[in-house]
1. Can you put A:Val206, A:Val39, B:Val86 in order, fewest other beta carbons within 10 Å first?
2. How far apart, in nm, are the 7 Å Cα→Cβ label points at A:Leu296 and B:His33?
3. Which residue, A:Met262, A:Met293, A:Met44, tops the fluctuation ranking in a GNM of chain A built on C-alpha contacts under 10 Å?
4. For B:Asp226 and B:Asp125 in the same chain, what is the full-extension length gain: residue separation times 0.36 nm, less their Cα-Cα distance, in nm?
5. Output the 0 to 90 degree angle, nearest 10, between the alpha-carbon long axis of helix B:98-108 and the longest principal axis computed from the alpha carbons of chain B.
6. In the P(r) worked out for the protein assembly as shown, what percent of Cα pairs fall beyond 46 Å?
7. Select from B:Ile55, B:Ile268, B:Ile32 the residue whose mean-square fluctuation is largest in a Gaussian network model of chain B (Cα-Cα springs shorter than 10 Å).
8. Would you please give the FRET efficiency between A:Lys259 and A:Trp93, computed as 1/(1 + (r/R0)^6) with r the Cβ-Cβ distance and R0 = 22 Å, to the nearest 0.05?
Amino acid sequence: MAGLLSSSPANKAEASIVEGRVGLLLLPSWVVIGILLVVPVLIMFVYSFLTQDFRGGVIWTFTLEAYDQFFLDRGLFGDEPPQIEWTYLLIFWRSFIQALFAMIFCLLIGFPTAYFMATSPPQSRSMLLFLVTIPYWVNLLIRTVSMKFLIRDTGPINEWLLAMGMIDEPIRMINTAFAVQLGLFYSYLPFMVLPIYASIERYNFVLSEAAADLYTGRWSTLFRVVIPSVKPGIIAGCILVFIPSLGAFLAPDLLGGAKNFMIGSLVEEQFKGQAGDWPFGAAVSMILLTIIMGILLVYARNQTQSTSRGH
Amino acid sequence: MTKIALHIDHIVKVYPHRHHPVTALKEVSFDIHDNEFFTLLGPSGCGKTTLLRIIAGFEEITAGQVRLYGDDISTLAPHQRPVNTVFQQYALFPHLTVADNVAFGLKRLGQSADEVKARTAAMLDLIQMTEYGQRKPHELSGGQQQRVALARALAPAPKVLLLDEPLSALDLKLRQAMREELKAIQKQTGITFVFVTHDQEEALAMSDRIAVMSNGEVQQIGSPQDIYNNPRNHFVANFIGEANILDVTAEPMRGGKCRVKLANGTAIPLEIDHAIDAAKPLSIMIRPEHLSIKPVGKKPPKSALIGTVQDLSYLGTDTQLHVRVDDRISLLARVQNDTSVEGALKPGQSVQIDMNLNAIRMLDH
C-alpha cells in the first residue's frame, strides 16, 4: 500500500501518518491474536524444551528430551545406541494419510454440493446454506458418539442389514480406519462446502458460455474454466479440512480404537490426566506445526510465482 | 444472387414463467446475407439479445428454425455451432494469458500446436496487440480487453460472428474508434457479423443492413439510409434519429397525389405511391433538419406555418429549437450554425416554418 502512495516526499509523510492511524485501528485485533494465538504457541514452544514433571506439569530445566523421545529409540533403559523411533513417525504418517483421504472425499462430495447450491435460484440458496450448518447445532462430541452407535456391530445399520438377510454376521465398522475416515469426513465436510460455495457464487457464468461458444463441452468446461476460476475456494476448503483432520482427536478416539491412533490423540493423552508428559505433548505439537507451516509456505510461494508470471 | 448466411425462420421464444409466460420473440423471420454487417437494433427488452443467444445456442427455441448456410442448427449445442460470440462484458478467461485466451477455441478444435501458434499470432497482429500476448486480462484496459475478446472469437474463423453490445462498456472516444476498427475488420476478414446494439448512431455508422426490433418483433429491415429516410412506422421513426410526427387527415386527389391536412387546418400536398385508407388515422413524419426556420417576414404566405420559438439548445455544429405552432402542434427543428439565421433566433420569437415536401413520409400506425 505504501508503495502505491509514495510518489512524492509529501505523499510519503502523509502515507506514514495514514499508516500510523491504520496501525492504531488494528491494535485490538493484534491484542486478540497475541493473547489467543501467539502467546499460547510460545508457551508450548518453551514447554517442549523443559523437563517432565511426573504429576503433570513441567520442571524448569532445559532439555531436548522430548524431541529425542520423538525421533530416537534408545532401548528400554535408554542405554542402547540410538536408532530411529518409528512409533510416532508412523502415527504421523497414518494421520497424514487419513487427513489426505478426508480432504479428497470432502472435495469429491463437497464440490458438487457447493456447485448445486450456488447454481440454485437465489431464494433457495439461503435455505440450503442453513441446512449445511444444521449439524453445528449439536456438539461435535455428541455427533461423533451418535455415529459410534450408528455403525457399531449392534447398531441400526448392521441390525437392518441382518434383518434384511443381506449379511449373516455384522460388518465390522467400528474401530477401523474406515470409521475414522467416516468421522473426519462427516465432521469437516461443511468446511469444504462453504468456501467453494462462496467462490462459485462469485463465479461469472458467462465464462462457461464463452467456453461453450469456443467449442468446449461440459466436462471440459468444468476442468478448463470453472475449476481454475474457483481454485482459491477449493484450496481454502482443502486447507480447512486437511489441517483440522490432521490434529483431530474425537473421531480417532471414539471411532478408531487403539489401532487407529492419530496425532491429535497422541497430544491429547499427554495433557490429559496424571500420566501426561507435557513437554512431549508440546514437542509433538511443535513438530506438527512446523510441518503444516512448511506445507503452507511452499504453497504460498508457488501461488505468488504463478500469479506474478507474465510481468 | 446473394448467399444467405443465416435464415431466421418463424422463431418464437416464450419464457415459461409460472404465473405469466413472457413472449420474448413473436414469429421473427428474416435472412442475413453472406459477408454482411448486420445489426439488430432496438431498446432493451425488445428481444434482440434473446435472438442473438438463440443463434449462439444459449437459449432454446420455442418454435421455429435457425439455418446456417442451409443447415438447420436449431438443436445443436453451443459448442457444436460454427459461430462465435463477442460478449458484452468480454468474458475473457481470467486465469489464462491473452495468447491462451485467443488460442482457446483453436485448441478445442484440435488444431496442431503450430497451427494454433500461427493463427494466434496472426490474430494478435490483427488487433495490434502482439506485445501483450503474455499478459493476463486484468492487466489490460477495457478497450484492450475488448479487442482480445474480438480476436478470441475471430480466431476459429467462425461462419458468423455474433457481437452482443460489445462497445457499450467503453467510453465515447474509444467507442467511436472501435466502430471504425470493427467495420474494417469485418471487411478484411469477410466474416458475416451480427451486431446487437441499442445505440442507433452505432447501428447507422457500421451496418450494411439494420433490423429494427421492438416488442419481440422486427419493425423494419433495411440499409441505414433506408431506415432513416423511409421509416415504416411510428416506432422506427421515433427510435432512429429525431422525428416530428404529426397526425393528419388525408383527402385523395387525382393522379396518385393526395392532400393532407394538419390538425390546425394547414394543407400539405403530397405524392403518395400507395393507396391510403382515408378512414384510418394517419400521420406524417419529417426530420428536424428538413424544416427551415426563418423570422416571419412582412407578408408570410397564407399556407405557411407560423410558430413561436420555445427554447434553443446549442449543439456545436447545429442549434436545435422547439417551435410551438398551437396547442396541438409543436415541432423540433435544427438549423446549421453557419447560417445567418441562427444568430437571429431568440426564444419567444415568431418564426415561419417551411417543410421540405420531398422529405415528408407517411407512416403506418
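Just so it is clear, none of the values below were taken in a lab; they were calculated from the coordinates. As the structure is a computational prediction, the values presented were derived from the model and not from experiment. Note: ideal-geometry Cβ built from the backbone for every residue, glycine included; neighbour counts use all protein chains shown.
1. Arranged by neighbour count, lowest to highest, A:Val206, A:Val39, B:Val86 become A:Val39, A:Val206, B:Val86.
2. A separation of 6.7 nm, rounded to one decimal place.
3. The residue with the greatest mean-square fluctuation here is A:Met293.
4. Full extension from B:Asp226 to B:Asp125 adds 32.8 nm.
5. The two axes meet at around 70 degrees.
6. Numbers: 110831 of 228150 pairs.
So the pairs more than 46 Å apart make up 49 percent of the total in the protein assembly as shown.
7. B:Ile268
8. On the way: r = 14 Å, r/R0 = 0.64.
Approximately 0.95, to the nearest 0.05.
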